[in-house]
1. Quick one: what pairs do we get from the range 186-200, first residue in a helix (DSSP H, G or I), second among the β-branched types (Val, Ile, Thr), C-beta under 8 Å, 6+ apart or different chains?
2. Suppose we filter the range 201-211 for residues that are surrounded by fewer than 14 Cβ atoms within 10 Å (Cβ to Cβ) and part of a helix (DSSP H, G or I); how many remain?
3. Being at pLDDT 90 or above and over 22 Å from Tyr209 (Cα atoms) narrows it down to one residue among Leu69, Leu60, Leu111; which is it?
4. Condition first: of a type in the set (A, V, I, L, M) and farther than 26 Å from Val254 by Cα. Can you find one or more residues in the range 125-144 that meet it?
5. Just one of (1) open to solvent by less than 40 Å² (accessible area, probe 1.4 Å); (2) touching a Phe, Trp or Tyr at 6+ places or on another chain (Cβ under 7 Å) trips up Pro144, so point out which.
6. Could you please give the count of residues in the range 251-281 that are among the acidic types (Asp, Glu) and either buried (at least 19 other Cβ atoms within 10 Å of the Cβ) or closer than 27 Å to Ala80 by Cα (or both)?
7. Which of (1) farther than 18 Å from Val128 by Cα; (2) at pLDDT below 95 does Val247 not meet, given it meets every other one?
8. For the range 221-263, what are the residues that are of a type in the set (Asp, Glu) and within 18 Å of Arg175 (Cβ to Cβ)?
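The values are calculated or read from the model by the stated rules, or taken from the named source; none is laboratory data. The structure displayed is predicted, hence computed values, not measured ones. Please note: Cβ atoms are built from the backbone with ideal geometry, for glycine as well, and neighbour counts cover all protein chains shown. Protein only, heavy atoms only, side chains kept; ligands, DNA and RNA dropped before computing areas. Shrake-Rupley method; radii C 1.70, N 1.55, O 1.52, S 1.80 Å.
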Amino acid sequence: MREPPSSLSWLGVLTVLLALLIGGTSIVLGLDDGPVPPFLQPASSESNAEPSRTRSDGVLRVTGSGSNLPSARMLASAFAEEGRPRPVVHPSIGSGGGIRALLDGVIDVALISRPLAARERELGLVAVPYARMPVIVAVNGDVPDPGIGAKELLDIYSGERRMWSDGSRVVVLQREQGDSSHRAVAEVFPEFAAVNEVAYRQGRWRVLYHDAAMRDALSSTEGALGLHGSGDLPDDGRFRPLLIDGVAPTLDNVSSGAYPFTKELAFVTRGAPRGVVAELIEFAHSPRGQELIVELGAVPIAPDGSPLTIEAREEVRD
């Protein structure tokens, strides 16, 4: 009669199986399309580091809301031209994603286009606004209407108004839930939040998840309307802003408060900004930084948090 295998034999079999399992997992996890951006890597021992201190490689890492990216990239380039370390501005992961990455210690500065929540402030986060940007109700270039009223905007998103003045179809383009541009409109018109929520639940409109996707859809979709909050309108008229109750989204109207839909762009740090982080923020508030912000279609915000008119900005520069 064959003797049953000993406990040592079973232990050997289990050891081999465990080794194969670990090896297979390593192979699977090792398959990727390239380097993993720092903000997608797991938090390391640096997660408790002060955000105002650069890492050992001297690189200042920045990411967050997509609405901030054009200004953040331009500011980073100009900052480096003055002989400073060039910050790395990663692709958008949203305001909330930027804050999570900052708390995990994998970036040094988060970019947000909404106010900090109370819980985020309790965690020691500090927001420093640097620009105020219009949230544009944009339409495809073939739309005949020059503007709409606030009530008409609600009717369009609720589906009650379906046609433009020439009888062509209105095509609504919606951003994802929690988008900062939708939030900005809802702060002025709480009714918009309710109408928008119903549209999400019913799947009434096409939902776009990035600023670039909204730009492309507005440019290519006849009769399209959507909220555009990144400030870079095309020069060829592929899409354009609507007047809201007769008011255009100009810098003067944003600065004076005449245009209703705006959002603030801000840097966020863990604790008060220091070191190179503070230098970058100071540069954004400098005359050169303010010039760049205006070029991108936003109103600069002074260090005390007040928006600067174009005239005030000229006085600061002189």
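1. Within 8 Å, the pairs are Phe192/Val185; Ala199/Val172; Tyr200/Val207.
2. First, pick out the residues of the range 201-211 that are surrounded by fewer than 14 Cβ atoms within 10 Å (Cβ to Cβ): 201-203, 209.
Checking the rest, the ones that are also part of a helix (DSSP H, G or I) come to 201-202.
Final tally of qualifying residues: 2.
3. Details: Leu69 fails: over 22 Å from Tyr209 (Cα atoms); Leu111 fails: over 22 Å from Tyr209 (Cα atoms).
Only one candidate passes the filter, namely Leu60.
4. Of all residues in the range 125-144, those of a type in the set (A, V, I, L, M) come to 125-128, 131, 133, 135-139, 143.
Among the residues that remain, those that are also farther than 26 Å from Val254 by Cα are: 125.
Scanning the range 125-144 turns up at least one residue that is of a type in the set (A, V, I, L, M) and farther than 26 Å from Val254 by Cα.
5. (1)
6. Pass one, the range 251-281, residues among the acidic types (Asp, Glu): 252, 264, 279.
Now restrict to residues that are either buried (at least 19 other Cβ atoms within 10 Å of the Cβ) or closer than 27 Å to Ala80 by Cα (or both): 264, 279.
Here the count works out to 2.
7. In the conditions (1) farther than 18 Å from Val128 by Cα; (2) at pLDDT below 95, Val247 misses (2) alone.
8. We begin by selecting, within the range 221-263, every residue of a type in the set (Asp, Glu); these are 222, 232, 235-236, 245, 252.
Result: Asp232, single match.
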